[in-house]
1. Do we have residue 125 as crowded, with 20+ Cβ neighbours inside 10 Å and in contact with a His (Cβ under 6 Å, 6 or more places away or on another chain) here?
2. Taking residue 48, is it closer than 17 Å to residue 63 by Cβ, touching a residue at least 12 places away in the same chain (Cβ under 8 Å), in a loop (DSSP other than H, G, I, E, B) and open to solvent by less than 10 Å² (accessible area, probe 1.4 Å)?
3. Those residues that are in contact (Cβ under 8 Å) with a residue 60 or more places away in the chain, polar (S, T, N, Q) and closer than 15 Å to residue 65 by Cα, I need them from segment 1-45; list them, please.
4. Restricting attention to segment 149-167, and to residues there that are at pLDDT 55 or above and not small (Gly, Ala, Ser), which single residue is nearest to residue 7 (Cα to Cα)?
5. How many of the residues making up segment 33-45 are open to solvent by 60 Å² or more (accessible area, probe 1.4 Å) and among the hydrophobic types (A, V, I, L, M, F, W, C)?
6. Would you confirm, using the coordinates I've provided, whether residue 84 is of a type in the set (Lys, Arg), at pLDDT 95 or above and surrounded by fewer than 17 Cβ atoms within 10 Å (Cβ to Cβ)?
7. Among the residues of segment 80-91, is any closer than 22 Å to residue 50 by Cβ, without any contact (Cβ under 8 Å) to a residue 40 or more places away in the chain and acidic (Asp, Glu)?
8. Condition check: touching a strand residue (DSSP E or B) at 6+ places or on another chain (Cβ under 8 Å) and open to solvent by 60 Å² or more (accessible area, probe 1.4 Å). Does residue 120 satisfy that?
Amino acid sequence: MKQPAIVIPEGCNEVLLHACCAPCSSAIVEWLLANGVQPTIFYYNPNIYPREEYEIRKQESKRHAESLGIRWIDGDYSHESWLKGVCGLEGEPERGRRCEQCFTLRLVETAKKAQELGIKYFATTLASSRWKSLEQIERAGLAAEQIANASTLQSFNASTLQSFNSSTLQVRFWAQNWRKGGLQERRNQLLKEYNFYNQLYCGCEFSQR
């Protein structure tokens with residue numbers, strides 16, 4: 001039997017969606033709302049350079065969310081911290097180790113924000129881009145899941161944990177290829193309908209090459 005293009009995890013009716021930009025999130029958000037999953041958008045992209053470019057993309061993402069009446073959260077912008085996180089990988093090609101490290105840094109913060117908000121599942125619009133490696137994104141998401149969950153468990157001592165179901169403390173990465181199900185084509189339609197700013201490079205100064 002042919003599997004559906006997009007599979008909602010069991011019990012998932014809400015998701016924290018890391019959004020890299022409005023064009024990439026538009027069709028995903030539309031699909032989620034149409035299929036009974038309430039998205040909260042988390043805009044956390046300290047990789048974007050220069051700051052002016054970051055602000056343009058951020059405002060477009062916010063405009064999109066506000067037009068739909070969905071919650072939108074602004075992550076901190078610290079490009080210097082991001083540079084430290086990818087230090088030594090500046091010369092890597094696109095889809096190289098720098099990109100995977102960048103995904104991991106951003107998704108760790110997404111996973112922690114999901115925990116803070118009490119949202120069990122998190123996902124990313126990065127997996128909608130044909131320029132990105134789905135394998136790298138999945139590894140980064142699963143690493144973020146493990147890091148966030150380990151950090152949460154360490155914050156509770158053994159006696160405290162006995163009064164909790166440890167599974168309720170966990171967040172889960174929804175690893176999904178968001179290019180499927182006609183979403184790539186719908187993205188292009190929505191880009192025109194919303195007249196979104198459509199960037200010409202991934203985000204960091206190294207990707208501008």
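1. Working: crowded, with 20+ Cβ neighbours inside 10 Å: yes; in contact with a His (Cβ under 6 Å, 6 or more places away or on another chain): no.
So residue 125 does not fit the description; no.
2. For residue 48, the condition - closer than 17 Å to residue 63 by Cβ, touching a residue at least 12 places away in the same chain (Cβ under 8 Å), in a loop (DSSP other than H, G, I, E, B) and open to solvent by less than 10 Å² (accessible area, probe 1.4 Å) - is met.
3. 25, 26, 40
4. For segment 149-167, the residue satisfying everything is 149.
5. In the first step, residues of segment 33-45 are kept if they are open to solvent by 60 Å² or more (accessible area, probe 1.4 Å); the result is 33-35, 38.
Next, from what is left, pick out any that are among the hydrophobic types (A, V, I, L, M, F, W, C): 33-34.
Final tally of qualifying residues: 2.
6. yes
7. Within segment 80-91 (the criterion being closer than 22 Å to residue 50 by Cβ, without any contact (Cβ under 8 Å) to a residue 40 or more places away in the chain and acidic (Asp, Glu)), the answer is yes, since at least one residue qualifies.
8. In short, yes.
The values are calculated or read from the model by the stated rules, or taken from the named source; none is laboratory data. This structure is a prediction, so every number in the text was calculated from the model and none was measured. FYI the Cβ positions are ideal-geometry reconstructions off the backbone, even for glycines, and counts take in every protein chain you see. Quick note on the areas: whole protein, heavy atoms, side chains included, nothing else; ligands and nucleic acids left out. Shrake-Rupley method; radii C 1.70, N 1.55, O 1.52, S 1.80 Å.
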